[in-house]
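Okay, so here's the structure we're looking at.
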Amino acid sequence: MATNVAMHPAAPAHLPGFITAPGETDPLFVGSVIFLIILVMGLGSLYFWLHSIPERLAHGTGKIQFQLVGVLALLALFTHNNLFWVFALMLALIPIPDFWTPLASMADSLASMVRPRRPPPDDAVDPALQPMLPLEHGTMHEAPHGEATAAEGHKP
């Protein structure tokens, strides 16, 4: 769209290509705006990608450690305090030993030892497997059915 616009008397005879006539679209401005939008989106993505490094490193760790790293990284993101991010990165890189699993296993074993045992039904007891009671001279004899042995102190 060429218009017959009179040149200003102070304007040089040849104008550079980035200067547009009044009322026309400025391609340099449009290109600059598109470039800046892409640049801001790219830098924002890079910022969030860098901010998620501690969480990605802690992904294979235990649940509690992963959650602590996530909270610290989120605090660093919202408060713009880099110290939280450094702590999250250090916590993600240091493996924390699992103390809970052995303790839970010990507690389960102790609980199973404390549970009272029910005696088997009378028809399920094999007489050949009856406990032996010691005699005075070191020989053994079979305990009568239903009686406790000296070592056990309770009924089978």
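Taking 0.36 nm per residue of sequence separation and subtracting the Cα-Cα distance, how much length would be gained by fully extending the chain between residue 78 and residue 34, in nm to one decimal?
Numbers: separation 44, 0.36 × 44 = 15.84 nm, distance 2.79 nm.
Contour length minus Cα-Cα distance gives 13.1 nm.
What does the charge add up to near residue 18, with Lys and Arg as +1, Asp and Glu as -1, over the other residues with Cβ less than 13 Å from its Cβ?
Details: positive: none; negative: 24, 26.
Cβ neighbours under 13 Å give a net charge of -2.
What is the Cα centroid distance between the stretch 1-65 and the stretch 68-98, reported in whole angstrom?
After rounding, the separation between the Cα centres reads 33 Å.
Gain in length, residue 104 to residue 56, computed as 0.36 nm per residue apart minus the alpha-carbon separation, to one decimal in nm?
Taking residue 104 through residue 56 to full extension adds about 14.4 nm, to one decimal.
Where a number appears in this text, it was derived from the coordinates with a stated rule and is not lab data. The model shown is predicted, which means the values in this text are computed figures rather than measured ones. Note that we place each Cβ from the backbone using ideal geometry, even for glycine, and neighbour counts take in every protein chain shown.
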